[in-house]
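Everything on this sheet refers to the single structure shown next.
Read the figures in this text as sums done on the coordinates, not as results from a lab. The model shown is predicted, which means the values in this text are computed figures rather than measured ones. So basically every Cβ, Gly included, is an ideal-geometry build from the backbone, and we count neighbours across all protein chains shown.
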Amino acid sequence: MFLLLCMCLVGFFAPRGDAQDRAALWRGNDRSGRCQYTFTVASPAEASCPQAGGPEMEAVKARLSTLEALVSRLTDGGRVAGATAADSGAELREAMNRAVGERNLLQGEKERLERELGSLQRRLEEMLRETETLRNTPCSPQTPAVPDGGLMRPAADPAWQQSFQELKAEVTQVPAPEEYTGCGVLASVSEPVTHRKADSIAGKYGVWMQDPEAVTPHGSDTVWRIDTVGSDVRQLFSYESLEQLSKGFPTKVVLLPEPVEGTGGVLYRGSLYYQRRRSRTLIRFDLASERVAARRDLPHAGFHGQFPYSWGGYTDIDLAVDERGLWAVYSTSKAKGAVVLSRLDPHDLRVTRSWETNIRKNGVANAFVICGRLYTVASYAAANTTVNYVYDTESSRGHALAIPFQNKYRYNSMIDYNPTQKKLFAWDNFHMVSYDVRLGRPTPAA
Ligand code: CA
């Protein structure tokens with residue numbers, strides 16, 4: 001490059017050198033517009049020249065500066081290009097090194113993850129094997145025990161399991177209870193329905209009923225009520241309907257001519273039947289005429305606390321009504337406290353027939369009669385008690401029962417059956433309640 005530059009400089013100055021050997025004339029214009037002529041000749045010494053340069057020299061200088069700048073740029077450019085190439089190589093090497101390092105890191109991470117995956121797969125296989133083992137293992141012998149007549153036997157006992165399966169099959173095969181509408185045996189008693197709560201202490205216990213065979217002027221809807229707490233109970237309240245009883249609006253209050261004892265009164269065929277206070281005398285009070293229609297002593301009947309029900313209350317004589325008529329439940333000295341059941345003539349109160357049962361009267365809470373069968377309730381205070389005994393007047397035999405019965409208010413002082421409504425009416429600790437009963441087909445054993 002330097003050689004090329006020298007040749008160019010020689011070529012540039014060579015013609016001018018020739019011209020310096022001859023005289024030269026320049027023509028031009030000055031600032032005032034006049035022509036100006038300049039004549040130049042070579043002199044023996046440069047210092048004697050009237051002018052050191054001139055326009056031509058200036059042009060040469062300018063061209064020289066241009067060439068110098070060009071040479072300088074070319075030399076600098078080569079130097080920069082070389083430096084840039086060197087820098088780029090270093091950067092490339094550095095980038096390469098980084099990439100290799102990152103590749104190595106990723107490779108290491110991949111190997112670690114592969115090791116972890118292998119470990120997880122081994123654990124999964126172990127858990128699957130354990131699950132399969134548990135599935136195939138028979139149940140522990142510590143099975144829950146089940147009651148069996150007071151004994152506890154493990155349910156895993158094969159003999160017991162067979163018996164249990166047979167028993168279950170028998171239970172399954174028991175047919176559903178048949179709907180029976182005839183005069184049958186008591187099958188169940190519903191929960192009590194509360195109709196009214198008495199307003200005063202006189203109503204802690206009492207009697208309330210509807211006449212199952214009502215006669216004019218009173219209908220079967222009329223409700224009758226006697227609050228029996230007190231020493232001279234005579235008020236008989238009459239309500240037009242159950243709804244009026246619930247609202248507490250009596251139609252009228254009848255004053256009975258003889259005071260009432262106990263809670264054994266009943267309504268039947270237009271009359272109130274009840275025990276006169278401190279006596280074994282039964283009274284039939286006709287509701288239409290409001291007069292005593294009949295009165296008669298119940299032969300040998302205990303009274304005024306001699307043979308009451310378990311809760312006391314002078315409940316020695318309990319009257320009852322069923323599909324077959326009027327009954328008296330009581331006891332005598334001859335029966336030694338056992339319940340005596342007598343059928344009464346509803347017109348004149350004569351005893352037409354009597355049965356002596358084998359259950360003690362003061363051992364039961366109350367009694368009612370359904371279809372010629374006497375039923376007793378075990379407890380007057382237990383919330384969940386039972387109808388625990390039945391006596392059949394047709395067979396003259398009795399036996400134990402266990403039909404659930406609820407004393408919702410824990411002090412049940414009166415229970416009687418209404419054969420038309422198939423309900424039990426009861427007076428439980430200020431509350432007048434009723435129960436639906438379901439009857440079943442009688443069997444010879446019943
Ligand atoms: Ca009764």
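With the charge dipole of the range 185-440 set up from +1 on Lys and Arg Cβ and -1 on Asp and Glu Cβ about the Cα centre, the Cα lying farthest toward the positive end among the listed residues 212, 440, 307 is that of 307. Only the Cβ atoms of Lys and Arg (+1) and of Asp and Glu (-1) were treated as charged; on that basis the dipole of the range 185-440 about its Cα centre amounts to roughly 540 debye.
Around residue 276, what is the net charge, scoring Lys/Arg as +1 and Asp/Glu as -1 over all other residues with Cβ under 14 Å from its Cβ? List each step's numbers first, then the result.
Numbers: positive: 234, 277, 278, 280, 284, 295, 296; negative: 232, 258, 261, 297, 316.
It works out to a net charge of +2.
The length gained on full extension between residue 290 and residue 95, counted as 0.36 nm times the residue separation minus their Cα-Cα distance, comes to 57.7 nm. With neighbour counts taken as other beta-carbon atoms within 10 Å, the residues 209, 96 rank, fewest first, as 96, 209.
Within a straight-line Cα-Cα reach of under 19 Å, residue 334 can be paired with the following lysines, leaving aside sequence neighbours fewer than 8 residues apart in one chain: 361. By the beta-carbon count within 10 Å of each Cβ, the least crowded to most crowded order of 376, 181, 385, 420, fewest first, is 181, 420, 385, 376. Across the options 418, 362, 401, the greatest Cα extent toward the positive end of the charge dipole of the range 344-446 (unit charges at beta carbon of Lys, Arg, Asp, Glu) belongs to 401.
For the range 185-440, the convex hull drawn through the C-alpha positions has a volume of 104 cubic angstrom per residue. Within a straight-line Cα-Cα reach of under 20 Å, residue 252 can be paired with the following lysines, leaving aside sequence neighbours fewer than 8 residues apart in one chain: 197.
Most exposed first by the Cβ proxy, i.e. fewest other Cβ within 10 Å, how do 409, 239, 274, 180 rank? Please list the in-between numbers first.
On the way: 409 18, 239 23, 274 29, 180 14.
The fewest-first ordering by Cβ neighbours comes to 180, 409, 239, 274.
Per-residue packing, averaged as other Cβ atoms within 10 Å, sorts the ranges 243-253, 114-124, 259-269, 311-321 into the order 259-269, 311-321, 243-253, 114-124, beginning with the highest. Each 10 Å bin from zero holds the following percent of Cα-Cα pairs in the range 325-446: 13, 44, 36, 7. The residue list 391, 289, 321 was ranked by how far each Cα lies along the charge dipole of the range 185-440 toward its positive end, using unit charges on Cβ atoms, and 391 comes out on top.
The lysines whose alpha-carbon is closer than 16 Å to the alpha-carbon of residue 204, local same-chain residues fewer than 8 away aside, are 408.
Subtracting the Cα-Cα distance from 0.36 nm times the residue separation, let me have the gained length for residue 246 to residue 102 in nm, one decimal.
Result for the pair: 42.5 nm of gain on full extension.
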